[in-house]
Structures are given as structure tokens and as C-alpha cells.
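Some notes on the structure that comes next.
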There are 2 protein chains.
Amino acid sequence: MARPLNFDRTRVLKNAAMIFWHQGYQKTSMKDLESATGLLPSSLYNSFGNKETLFLEILDFYTDHILGGRIEKYLRQEDPLKGLQQFFITCFTDLPRGRKGMACLIVNSISEMAIHNEAIRKKLLRVENTLTSNFITNLDKAKQAGTIAKNIDSEIIANQLLISLNGLLVASKVIKDNVKMVAACEQSLQFILGNRSGNGNEH
Amino acid sequence: MARPLNFDRTRVLKNAAMIFWHQGYQKTSMKDLESATGLLPSSLYNSFGNKETLFLEILDFYTDHILGGRIEKYLRQEDPLKGLQQFFITCFTDLPRGRKGMACLIVNSISEMAIHNEAIRKKLLRVENTLTSNFITNLDKAKQAGTIAKNIDSEIIANQLLISLNGLLVASKVIKDNVKMVAACEQSLQFILGNRSGNGNEH
DNA sequence: TAAGTATTAGAGTGATCACTACAAAATGAA
DNA sequence: TTCATTTTGTAGTGATCACTCTAATACTTA
């Protein structure tokens with residue numbers, strides 16, 4: 001064929017994702033992305049189109065690898081309620097390089113971009129719905145395990161979990177204190193799940 | 001003295017606030033603000049300093065007049081629980097010019113600016129704390145009126161109300177449907193307040 | 001009316017924006 | 001080795017960015 005690419009596409013997406021995650025779409029310049037990825041402009045445009053298509057690809061990358069990885073690691077473990085708790089808490093404690101206040105690329109991008117770009121809005125809506133589905137799965141598992149009351153409406157509780165998680169992620173940007181955010185997480189989870197458990201199990 | 005200003009400062013702040021509210025800080029150019037306010041650059045800079053100081057003043061204006069007005073109008077009415085419900089719902093139905101997905105300038109600005117500008121972060125944190133205080137006041141009033149159980153912890157409920165409101169405002173940017181958002185509001189309020197009321201009053 | 005003062009008008013500042021043109025370089029296939 | 005194909009390196013595009021300079025203008029006070 002011809003000359004092959006001189007870089008690892010996944011590593012470039014990961015590095016670029018961190019910049020968009022930290023700075024947002026508008027504040028991030030192509031120069032910032034060149035520095036973060038080590039690519040020259042010609043390579044960036046040749047391989048990723050333009051700033052918008054690069055961002056769209058990064059949203060997919062973040063969804064599949066970073067968020068998806070956390071869903072696998074924390075949400076889908078043996079104890080479904082413990083999984084929910086760990087998923088929530090690690091949103092604030094597992095930030096890259098220990099940076100506080102970066103919250104979540106999905107929530108950040110909803111806030112900044114959803115009303116200005118329909119393709120981005122639809123993509124982000126799908127991610128939020130996927131997250132709700134995962135919460136429902138965990139709640140139903142907890143019902144079967146008997147760690148949560150069987151008569152609760154999983155969909156309603158899952159909705160409240162997602163809304164609260166989004167709200168907590170917003171709050172983390174003004175609070176910027178991991179200890180306080182973990183406590184806020186635990187208070188929300190206790191409020192939503194705690195007093196509805198089937199065996200009085202309080203975490 | 002000397003030549004007086006040729007414009008109404010409040011009207012300029014209001015018009016500029018709408019632009020920042022709709023577009024965010026980074027996406028808004030000084031040209032956008034000139035068009036929206038009808039002022040020339042020299043007047044804008046002479047009266048408001050620069051883009052950042054104008055934005056800081058607009059955050060105060062929004063807090064005092066727009067958000068503050070809604071607190072007075074909806075939150076501080078006879079029935080404190082009805083006030084909470086109306087305050088929540090009108091966040092999505094009372095948007096200027098019927099635009100959907102604009103959410104709230106405070107939440108938008110937290111998401112975009114809090115980790116990049118410490119003065120903005122502190123200002124926004126204060127606004128959020130003020131809102132929580134107002135929620136606590138309403139909950140305590142509801143206790144006295146007997147419309148909510150006296151043994152609840154007003155601070156915890158108020159925290160959950162604020163977190164959920166922030167989360168709902170984020171959600172409104174991908175959902176962009178007033179009917180769905182009002183239903184989501186009612187579900188959250190029912191979840192947080194409904195089954196803790198003292199007389200079984202369901203709204 | 002004249003002096004003093006602040007605002008407004010309009011053109012223009014260098015810097016940065018996303019993006020591109022084009023040739024050199026690097027590869028696989030023939 | 002040659003050819004065909006693609007990426008990379010470099011310089012640079014016009015547009016827009018936040019912001020400013022200066023003179024003309026409009027007002028108050030004396």
C-alpha cells in the first residue's frame with residue numbers, strides 16, 4: 001500500500017480526550033491538541049477530519065473505554081449495590097492525575113454543547129440512557145439478591161440515581177474536595193437506596 | 001460633571017446575560033455582546049472593564065434579579081411545598097423567549113468556568129449555598145405547617161433537592177422537551193418529598 | 001457661554017483561531 | 001529498483017479574537 005501512520009490512534013484519542021475533558025470544547029484549541037498528542041496539524045486533520053469530528057470520535061472513545069471501563073470494573077461486580085456505590089464514589093476519586101473538578105466529559109459536554117450541536121446532543125442522550133439501563137440492571141439484581149425491597153420501581157430509582165449523579169458532578173466543580181464529595185455521594189446513595197433496602201443493610 | 005451614559009445599565013446587563021446564558025462564556029464574543037447590547041466596543045470596555053469583569057457582573061445580576069426574582073416569586077409563597085414545586089418546574093417552563101435547553105446560567109457557568117477561574121468558582125459556590133438555605137427555610141416552614149414530617153433532616157433533604165435540581169438542569173439540555181422535564185421534576189420532588197409528608201399530601 | 005470632563009464613534013492593534021497547500025519522506029507492491 | 005500511495009513537515013491562509021487609540025461629541029458647572 002503506502003506509508004503507514006506514525007502514531008498509535010488510541011493513545012492520541014486518549015491524550016486529546018484529557019484536554020477536552022479538562023478544558024471543554026471551545027476553550028481547547030487545535031494547538032492544545034497538537035501539543036497533547038504530539039501530532040502535527042497535517043496529521044491531525046488527515047486522520048481525524050476537523051475539530052468537530054475529532055471531538056465526536058473522542059466522545060465515543062470516552063464512552064467506550066473510559067466510562068465503559070468504569071461500568072465494567074465497578075458497576076458489574078458481585079454485589080450490585082456496592083457496585084453502584086463504588087461507581088459513584090470513583091467518579092470523584094479516580095480522576096486522571098488526581099485532578100479535581102474535571103467531573104465527567106459526558107456531563108461537561110452536555111452542558112456546553114448539547115443545545116448547539118444536534119449530533120453531539122443525540123450521542124450524549126444515548127450515553128445517559130445507557131447509564132440508566134445499567135443502573136436498572138443493578139437494582140434488579142439487588143432485588144433478586146434480596147438486598148433491596150422487591151416492590152420498588154427500578155426505573156424511578158435509576159432515574160433518581162442518574163439525576164443525582166449528574167448533580168453531584170456539577171457540585172464537584174465548585175466543591176473540589178474529594179472528602180466532601182465522597183460524603184455527598186454517600187449521603188445521596190443513602191437517601192435514594194438506603195432506606196429502601198430489603199434487609200436494613202446500611203452501607 | 002460630564003457627559004452622561006447613553007444607555008440603561010440594567011438593560012445592557014440583562015441583554016448580555018441572555019447571550020452568556022445561551023452560548024456560554026467561551027463561545028460568546030465581544031462582537032456578540034456588542035450586537036446584543038447595541039453598545040460600541042468603547043462603551044462596553046469603558047463601562048464594564050473587560051469580558052471577564054463583565055461576566056462577573058452579569059453573574060451577580062443574574063443571581064440578584066433573575067434567580068432572586070424567581071426565589072421571591074415562587075419559593076416564598078404561602079405554601080412552602082407548593083413553592084418548591086413551582087420553583088423547580090418553572091426552571092424549565094419559564095425560559096426566556098421559550099427557548100429550551102438553556103437551563104440555568106449558574107449551573108452552566110459552574111460546568112464551564114469553575115475550575116478555570118477561582119473568583120467565578122467562589123461566587124457560584126455562594127449562590128448554590130444560598131439556594132440550599134432557601135430550600136431549608138421552606139422545609140422548616142412545611143414542618144411547622146405540618147405538611148411534612150417533623151423528624152426529617154431539612155439539611156439533608158435540601159442537599160438532595162439542590163443536587164437533583166442541578167441534575168435535572170443538565171438533563172434538560174439533552175431532553176429539550178418541557179413536558180418530559182416537568183414530569184421528571186414531579187417525579188424527583190415526589191421521590192424526595194412526597195413519601196415524607198406528614199399528612200400524606202401528594203402533589 | 002466657556003471650561004472641564006467623561007462618553008461615544010470608528011478605525012485599527014497584534015495575537016490567535018481553525019484549517020490548508022504543497023513538497024518531501026516513507027512505505028508496500030510490482 | 002521503480003512506481004503508486006499515503007503521511008508528514010513547514011509555511012502560511014483569511015477570519016476572528018479581545019482589546020485600544022484618538023478625536024469628536026455631549027453634557028454639567030461656573
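Can you tell me how many residues within region B:94-108 are within 10 Å of the chain's Cα centre (by Cα) and within 11 Å of chain A (Cβ to nearest Cβ)?
In the first step, residues of region B:94-108 are kept if they are within 10 Å of the chain's Cα centre (by Cα); the result is B:103-108.
When the remaining residues are screened for being within 11 Å of chain A (Cβ to nearest Cβ), the result is B:103-104, B:106-108.
Going through region B:94-108 one residue at a time, the tally reaches 5.
Can you name every residue in region B:6-23 that is surrounded by fewer than 12 Cβ atoms within 10 Å (Cβ to Cβ) and not charged (D, E, K, R)? Even if it seems obvious, please write down each step before you answer.
Just the residues of region B:6-23 that are surrounded by fewer than 12 Cβ atoms within 10 Å (Cβ to Cβ), to begin with: B:6, B:8, B:10-11.
Matches in region B:6-23: B:6, B:10.
Does any residue of region B:41-52 turn out to be without any contact (Cβ under 8 Å) to a residue 12 or more places away in the chain and within 30 Å of residue B:148 (Cα to Cα)?
no
Residue by residue through region B:28-58, note down the ones that are within 14 Å of chain A (Cβ to nearest Cβ) and either polar (S, T, N, Q) or within 9 Å of DNA strand C (Cβ to nearest atom) (or both).
Listed by number, the residues that qualify are B:28, B:29.
A quick yes/no check of all residues on (1) out of contact with any Asp or Glu (no Cβ under 9 Å at 6 or more places or on another chain); (2) surrounded by fewer than 19 Cβ atoms within 10 Å (Cβ to Cβ); (3) under 28 Å from residue B:121 (Cβ atoms):
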{"site": "B:4", "(1), (2), (3)": "yes, yes, no"}
{"site": "B:27", "(1), (2), (3)": "no, yes, yes"}
{"site": "B:42", "(1), (2), (3)": "yes, yes, no"}
{"site": "B:68", "(1), (2), (3)": "yes, yes, yes"}
{"site": "B:78", "(1), (2), (3)": "yes, yes, no"}
{"site": "B:88", "(1), (2), (3)": "no, no, yes"}
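Any chance region B:107-117 includes a residue that's surrounded by fewer than 21 Cβ atoms within 10 Å (Cβ to Cβ), out of contact with any Asp or Glu (no Cβ under 9 Å at 6 or more places or on another chain) and on the phi < 0 side of the Ramachandran plot?
Looking for residues that are surrounded by fewer than 21 Cβ atoms within 10 Å (Cβ to Cβ), out of contact with any Asp or Glu (no Cβ under 9 Å at 6 or more places or on another chain) and on the phi < 0 side of the Ramachandran plot, one finds at least one in region B:107-117, hence yes.
Starting from region A:77-104, take each residue that is in contact (Cβ under 8 Å) with a residue 12 or more places away in the chain and list its partners that are among the charged types (D, E, K, R), counting only C-beta distances under 6 angstrom and pairs at least six apart or across chains.
A:80/A:141; A:100/A:176; A:101/A:173; A:101/A:176; A:103/A:173
Only one of A:155, A:118, A:128 is within 12 Å of chain B (Cβ to nearest Cβ) and farther than 30 Å from residue A:27 by Cβ. Can you tell me which? If you could, list the steps in order and put the result at the bottom.
Details: A:118 fails: farther than 30 Å from residue A:27 by Cβ; A:128 fails: farther than 30 Å from residue A:27 by Cβ.
On inspection, the qualifying residue turns out to be A:155.
Residue check, residue A:111 against (1) away from chain B (no Cβ under 11 Å); (2) under 14 Å from residue A:21 (Cβ atoms), all met but one. Which one?
Residue A:111 satisfies every listed condition except (1).
In region A:148-159, which residue that is within 26 Å of the chain's Cα centre (by Cα) and not aliphatic (A, V, I, L, M) is surrounded by the fewest Cβ atoms within 10 Å (Cβ to Cβ)?
Per the stated criteria, the residue is A:153.
If I ask for residues that are part of a helix (DSSP H, G or I) and β-branched (Val, Ile, Thr), which ones from region B:101-132 would you list?
Residues of region B:101-132 that are part of a helix (DSSP H, G or I), as a first pass: B:105-113, B:118-132.
B:106, B:107, B:110, B:120, B:127, B:130, B:132, listed by residue number.
Got a sec? Which of B:81, B:33, B:56, B:5 is farther than 25 Å from residue B:173 by Cα and within 13 Å of DNA strand D (Cβ to nearest atom)?
Values: B:81 fails: within 13 Å of DNA strand D (Cβ to nearest atom); B:33 fails: farther than 25 Å from residue B:173 by Cα; B:56 fails: farther than 25 Å from residue B:173 by Cα.
Going through B:81, B:33, B:56, B:5 in turn, the sole match is B:5.
Inside region A:170-191, can you point out the residues that are facing chain B (nearest Cβ under 8 Å) and in a helix (DSSP H, G or I)? Outline the logic, then answer.
As a first pass, look at region A:170-191 and keep what is facing chain B (nearest Cβ under 8 Å): A:170-171, A:173-176, A:184, A:187-188, A:191.
Within region A:170-191, A:170, A:171, A:173, A:174, A:175, A:184, A:187, A:188, A:191 meet the criteria.
For a quick check of your reading of the model, give me the residue pairs whose first member lies in region B:1-27 and is within 14 Å of another protein chain (Cβ to nearest Cβ) and closer than 16 Å to residue B:64 by Cβ, whose second is away from DNA strand C (no atom under 12 Å from the Cβ) and of a type in the set (S, T, N, Q), with beta-carbon atoms closer than 6 Å and at least 6 apart or on different chains.
Close Cβ pairs satisfying both conditions: B:20/B:28.
None of the figures in this text is laboratory data; all of them are computed from the coordinates on show. Quick caveat, the model's predicted, so the values are computed rather than measured. Cβ atoms come from the backbone with ideal geometry, glycine included; neighbour counts cover every protein chain shown.
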